[in-house]
Amino acid sequence: MDKVLLTAAGLYVIVLLRAGGTFAVGWLAGAGARRSRFGERISQSKFQRVESAIQRWGAPVVAVSFLTVGFQTAANFLAGSMRMPLTRYLPALFIGGACWALLYATAGIGILEMVGRMFAEHTALGAGAVAALLLAVGALVVHRRRRRSAETVSEDATADES
């Protein structure tokens, strides 16, 4: 149980720093956009209504985003760029981050222990899985290099014809 709590605490610190940093980058990007030529479009009433809705109702979206894959970064960035007040953002960050950390700490450790036991009991299976993974990665690298090389040759041939 100590392992899970320690892992959850470490993950919680990581998610607070990462998500909070993403929010800050969004805040700065929003400030820069407001000063740019894009700023003229931002002042439109439709955009201001969207910004107001995000500021008011975005906290639950931010909190729930931590339970998704791939959406949490966008939600935190948009919350920052749309200037969600910290009084709404921080509680969502703390609650959503805690849920994320506990989920990954409990499920993650359980899965790692299961995989470790499986490989310890069936060493040949583990070695075979690692070898298959290395072969797949090697084949992917070779395939991509060949495709890039073929694209370069066809681009050169097209440029020579011009």
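The values are calculated or read from the model by the stated rules, or taken from the named source; none is laboratory data. What you see is a predicted model, and the numbers here were worked out from it, not measured in a lab. Glycine also receives a Cβ, built like all others from the backbone with ideal geometry; neighbour counts cover every protein chain displayed. Keep in mind that these areas ignore ligands, DNA and RNA; they rest on the heavy atoms of the full protein, side chains included. Shrake-Rupley method; radii C 1.70, N 1.55, O 1.52, S 1.80 Å.
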(message) Of all residues being modelled with pLDDT under 70 and among the basic types (K, R) in region 41-60, which is surrounded by the most Cβ atoms within 10 Å (Cβ to Cβ)? Just the residue, please.
(response) R41
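Taking the options G96, G138, name whichever one is open to solvent by less than 60 Å² (accessible area, probe 1.4 Å), closer than 30 Å to E51 by Cβ, modelled with pLDDT of 90 or more and not hydrophobic (A, V, I, L, M, F, W, C).
Just one listed residue meets the conditions, G96.
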(message) Would you confirm, using the coordinates I've provided, whether G108 is under 18 Å from the mean Cα position of the chain (by Cα), surrounded by fewer than 16 Cβ atoms within 10 Å (Cβ to Cβ) and touching a residue at least 60 places away in the same chain (Cβ under 8 Å)?
(response) yes
(message) Cβ-Cβ distance below 7 Å, separation of 6 or more or different chains: which pairs start in region 29-40 with a residue that is open to solvent by 30 Å² or more (accessible area, probe 1.4 Å) and end on one that is modelled with pLDDT of 75 or more?
(response) A29/S81
(message) I need every pair where a residue in region 57-81 that is over 11 Å from G97 (Cα atoms) has its Cβ under 6 Å from the Cβ of a residue that is outside any loop (DSSP other than H, G, I, E, B) and open to solvent by 20 Å² or more (accessible area, probe 1.4 Å), sequence separation at least 6 or different chains.
(response) A59/R88; T73/T22; A75/V61; N76/T22; F77/T22; G80/W27; S81/A29
(message) Looking only at region 74-90, count every residue that is under 13 Å from P60 (Cα atoms) and open to solvent by less than 20 Å² (accessible area, probe 1.4 Å) and tell me the total.
(response) 5
(message) Being over 17 Å from T22 (Cβ atoms), over 24 Å from the mean Cα position of the chain (by Cα), of a type in the set (D, E, K, R) and part of a helix (DSSP H, G or I): is that true of E51 here?
(response) no
(request) Can you confirm whether region 61-73 contains a residue that is hydroxyl-bearing (S, T, Y) and open to solvent by 80 Å² or more (accessible area, probe 1.4 Å)? (result) no
